[in-house]
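A short reminder: the numbers here are calculations on the coordinates, not readings from a lab. The model shown is predicted, which means the values in this text are computed figures rather than measured ones. Note that we place each Cβ from the backbone using ideal geometry, even for glycine, and neighbour counts take in every protein chain shown.
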Amino acid sequence: MFAIGFDIGTSSLKTLVLDEKQQVLFEKSYSYQYQELKDGYRQIDPIVWTDAVMTGLKEAMDVIGDKGEVVIGVTGQMHTTVFLDKNGKPVYPAILWNDLRTAHIVPALKRELSTYPETKYISKIISPGSPAANTIWFHNEHPERFKTVCHILTPYDYIVYFLTGRYSQDYCDASTSSIYDIQSKMWSSIMMQKCKVTESILGKVMPSCQIVGKVLPEICDELKCKNAPEVIVGTGDNPANAVSLHLIEHKDPVISLGTSGVVLITKEDGDFEGRGKNVLFSKDGNHIVNIVQGTVRSAGGAQRWWVENAV
């Protein structure tokens, strides 16, 4: 058994191949650029991700060959919002997690949502770049395009769909969308009304280790792959970090520095008091863990800017 991991980052795709002994057989990063069309606007054409994934997948499968069965797991940036039509085609560039085009609508949203018990917690976490804010903005600014939206995904969900032709999302997706009630484990009726979406557009929440499907035949043909790899649901980059660092078992705090900077610590499900954003994770759908995160939007990104621009 071999495992291929993809991390859909803000500025690059990271690809990893492990054997059954968890030995690293292949590791490579593929850089790309997102668009900044206006001040505060940050978006990307999802085809940039699929092109990078196909390049990484070909190189990964060249390393593995026909030596055994393969499973693929995808992680990546959280919040970034992908809008697809009924045919699974993007109807607008993906709006990134660090986009600020919705900054002017968030304060009023926070005030209104704080008045309802169901959305009091959501009022604390909704922010520019969140799926809820991005969806409201897209509906308000591009109503005709919005009418064609049939699915709303994150980048790693989109790659799972690209590979398998099937839609999925995990508890991390839902709990960080600002559309989901983390107490009841249901999509918030108030937020769905605000975002002008239905449960069918948002989809069913699934455990991260569940098999979604196998890689599509046409992709296998391009890869010259005889046995189609299976693909799991996956999760966001911060829960994935928590799992790989055994944070869920040991509950030690962890600092993660990427484009953003994040402090992570785990609690049991239902313990939602205190500061920080509660990110839900479940590998099997039975045991749900609450991974609390505190985030600054620019950590590694600010450091990189300094290195590249300082005189």
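Structural remarks
- Under-5 Å amide H pairs with GLY285, H placed in peptide plane, nonlocal only: SER208
- For the chain, CYS150, CYS172, CYS195, CYS209 have no disulfide-compatible partner, since no other Cys C-beta lies under 4.7 Å from theirs.
- Relative packing of peptides 215-226, 119-130, 85-96 - highest average C-beta neighbours within 10 Å first: 119-130, 85-96, 215-226
- For GLY129, the amide hydrogen comes within under 5 Å of the amide hydrogens of THR102, ASN134, counting only partners 5 or more places away or on other chains and with H modelled in the peptide plane.
- Working note: Cα atoms of segment 107-205, range along each principal axis, descending, whole Å: 41, 32, 20.
- Helix 47-64 vs. the chain, principal-axis angle (Cα, 0 to 90°, nearest 10): 30 degrees
- Amide H contacts of CYS150 (H built 1.01 Å from N, under 5 Å, at least 5 apart or other chain): LEU84, ASP85, LYS86
- Across the alpha-carbon atoms of segment 2-235, the computed radius of gyration and Dmax are 18.3, 58 angstrom.
- Relative packing of 11-18, 154-161, which averages over residues the other C-beta atoms within 10 Å, highest first: 154-161, 11-18
- Computing FRET efficiency as 1/(1 + (r/R0)^6) for GLU59 and SER123, where r is the C-beta to C-beta distance and R0 is 35 Å, gives about 0.20.
- Virtual paramagnetic centre 7 Å along Cα→Cβ of GLU36, amide N under 15 Å, in segment 81-120: 96-101
- For the chain, the relative contact order comes to 15 percent (Cα pairs under 8 Å, sequence separation of at least 6).
- Projected label points at ALA103 and ALA302, each 7 Å from Cα along the beta carbon direction, are separated by 1.5 nanometres.
- Taking other Cβ atoms within 10 Å as a rough exposure proxy, THR135, THR164 sort from fewest to most as THR164, THR135.
- All other residues whose Cβ lies under 10 angstrom from that of GLY40 are scored, Lys and Arg at +1 and Asp and Glu at -1, for a net of 0.
- Residue-averaged [θ]222 nm for the chain, counting only DSSP H segments that reach four residues, each worth -39500 (n - 2.57): -8500 deg cm²/dmol
- Max-minus-min Cα coordinates of segment 2-111 on each principal axis give 55, 28, 25 Å, with the largest extent listed first.
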